[in-house]
Amino acid sequence: MSDDGELPGISGIGVDLPATLRIAGLALKRTESPPSLACWTGCFPEPAGGNAAVVSLVIEPAAPPEEVTLQLAHDVVSRFDVFVDRAVRYCRTRLREQHFELTSEELSWLDLPELPLAVPEAVVWDDRTWAIRFTESRFRLADPYGILVTFNGTQPVDVQGLEDEQ
């Protein structure tokens, strides 16, 4: 504890923030972040032989999440697999567009039963926007930080590769 009785890294500027949020059975723990924002992250149980999927909630400026933001996070957590499937289907369609400049080999991957997208992470922001980032993929577009699928409500609306400046 700090001298003022608060746990280090658990409160924002003059704001007490919960150390853990329980959302749809998933525990999201407060993570270290700049004082201007608050971030909680939770991992689903790891599937056999795979990496755990992650959900984060980010509030800027740092404050406890509002009820409407918690409801969106609840929807994302409770239907995570559904949203990941929607994001994959969306990528399968959108990545065929010429401006993504996929090679002929990469285009052929879009017809495979399993698209080479893995380790999904969802991020919900306090403005009620959210996205799923596939942190691992063989697509060149995913180098170095993955592929991000942005949602509007329950529907994917954009896909992009993440580069250094993003």
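The values are calculated or read from the model by the stated rules, or taken from the named source; none is laboratory data. Everything numeric in this text was worked out from a predicted model, so none of it was measured. Here the Cβ is made from the backbone with ideal geometry for all residues, glycine too, and neighbour counts use every protein chain on show. Just the protein is used for accessible areas: all its heavy atoms, side chains included, with ligands, DNA and RNA removed. Shrake-Rupley method; radii C 1.70, N 1.55, O 1.52, S 1.80 Å.
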Debye-sum result for segment 24-93 in log10 I(q)/I(0), which assumes one identical scatterer on each alpha carbon, at q = 0.12, 0.16, 0.20, 0.22 Å⁻¹
-0.39, -0.66, -0.93, -1.03
Provide, in order from the shortest bin, the percent of all Cα-Cα pairs of the chain in each 10 Å bin, continuing until the bin that contains the maximum pair distance.
10, 35, 32, 17, 5, 1, 0
How much accessible area per residue does the chain have, counting only protein heavy atoms and a probe of 1.4 Å, in square angstrom?
57
So who's got an amide H within less than 5 Å of the one on ARG79, skipping anything under 5 residues away but keeping other chains? H placed 1.01 Å off N, in plane.
none
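To check you understand DSSP bridge types, tell me what percent of the beta bridges within the chain (both residues inside) are antiparallel, rounded to 5. Walk me through the numbers before you get to the answer.
On the way: 32 of 37 bridges.
Around 85 percent of the beta bridges assigned by DSSP in the chain are antiparallel ones.
Quick one: if the Förster radius is 25 Å, what FRET efficiency do VAL68 and VAL157 give, using the C-beta to C-beta distance and rounding to 0.05? All intermediate terms of the calculation are to be shown ahead of the outcome.
Numbers: r = 19 Å, r/R0 = 0.77.
After rounding to 0.05, the efficiency reads 0.80.
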Can you work out the Karplus-derived ³J(HN,Hα) for every residue in segment 158-163? Use 6.51 cos²θ - 1.76 cosθ + 1.60 with θ = phi - 60°, whole Hz, and x for glycine or proline.
7, 9, 7, x, 9, 10
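Students often check this: by mean Cβ neighbours within 10 Å, which of 35-45, 94-104 ranks highest, and how do the rest follow?
Numbers: 35-45: 16.6, 94-104: 11.9.
Packing proxy ranking, top to bottom: 35-45, 94-104.
Could you tell me the calculated FRET efficiency between THR103 and VAL82, based on Cβ-Cβ distance and R0 = 35 angstrom, to the nearest 0.05? Each step should come with its number before you reach the end.
On the way: r = 30 Å, r/R0 = 0.87.
Given R0 = 35 Å and the Cβ-Cβ separation, E is 0.70.
Counting only protein heavy atoms and a 1.4 Å probe, tell me what percentage of the chain's accessible area is made up of carbon and sulfur.
Values: 4820 of 9400 Å².
Answer for the chain is 51 percent, counting heavy atoms of protein chains only.
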What full-extension length gain, to one decimal in nm, is calculated for THR20 and ASP111 as 0.36 nm per residue of separation minus the Cα-Cα distance?
28.6 nm
